[in-house]
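These notes are about the structure you will find just below.
Every read-out reported here was derived from the displayed coordinates using simple, explicitly stated rules and does not represent laboratory data. The structure presented is a predicted model; accordingly, all values stated were derived computationally and were not measured. In this analysis, Cβ positions are derived from the backbone assuming ideal geometry, glycine residues included, and neighbour counts consider all displayed protein chains.
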Amino acid sequence: MNTATGFVREIELPQIHDPRGDLTFVEGGNHLPFDIARVYYLYNVPVDAERGGHAHKHLEQVVFALSGSFRIKIDDGVNTSEYWLRDPKKGLYISKLIWREMDSFSQGAVCMVLASHRYDEADYVRDHKDFMSALRMTGA
Ligand code: TYD
């Protein structure tokens, strides 16, 4: 999916396979199109929980399922799609101005997010109507 303002794409990180266990690493600016300013993770998520439900004005993120699985529903203002994350080395890059919702967490799932900026509530767009207005203002 690719629009004038927002897009998502899958990112696959290196995996060092070893009988002692697999190792994956990530370098900001190398494997990701931004330097990592913040890492946060979701855990103890009830299986019926719904997370997200917002877009960002500037923030870029890559989302991983470090354990278990969950669904991310994507809305760029024109098209919708959905992704299932379940492989710890495969993340979903989400640019600015993408509406995302996350649900269907498996029991014990851990979601890790690498973010381009530190936390800033002013960067959130939490109302879908405001999201559509923001897209119109950018000419999408
Ligand atoms: P929010 O981003 O709305 O969660 P999600 O999109 O996963 O459903 O954040 C939930 C709360 O946590 C909200 O009060 C803001 C706070 N928060 C921080 O203080 N720092 C952070 O880095 C993040 C991601 C959230």
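Worth pointing out:
- Only residues that are in contact with a His (Cβ under 6 Å, 6 or more places away or on another chain) and surrounded by fewer than 18 Cβ atoms within 10 Å (Cβ to Cβ) were counted across the stretch 81-128, and they come to 3.
- When residue 37 is tested against (1) of a type in the set (A, V, I, L, M, F, W, C); (2) more than 30 Å from residue 129 (Cβ to Cβ); (3) more than 12 Å from the chain's Cα centre (by Cα), only condition (2) is not met.
- Residue match in the stretch 129-138 (condition: touching a residue at least 40 places away in the same chain (Cβ under 8 Å), of a type in the set (Gly, Ala, Ser) and surrounded by fewer than 16 Cβ atoms within 10 Å (Cβ to Cβ)): no
- Listed by first and then second residue, the pairs with beta-carbon distance under 9 Å, at least 6 apart or on different chains, first residue in the stretch 68-81 and basic (Lys, Arg), second buried (at least 21 other Cβ atoms within 10 Å of the Cβ) and part of a loop (DSSP other than H, G, I, E, B), are 71/105.
- Taken across the stretch 57-67, residues that are within 16 Å of the ligand (Cβ to nearest atom), farther than 27 Å from residue 131 by Cα and assigned to a strand (DSSP E or B) do occur, with at least one present.
- Members of the stretch 106-125 that are outside any helix (DSSP H, G or I) and either within 11 Å of the ligand (Cβ to nearest atom) or on the phi > 0 side of the Ramachandran plot (or both): 108, 111, 113, 115, 117, 118, 119, 120, 124
- Within the stretch 28-47, considering residues that are within 23 Å of residue 106 (Cβ to Cβ) and touching a residue at least 12 places away in the same chain (Cβ under 8 Å), the one farthest from the ligand (Cβ to nearest atom): 47
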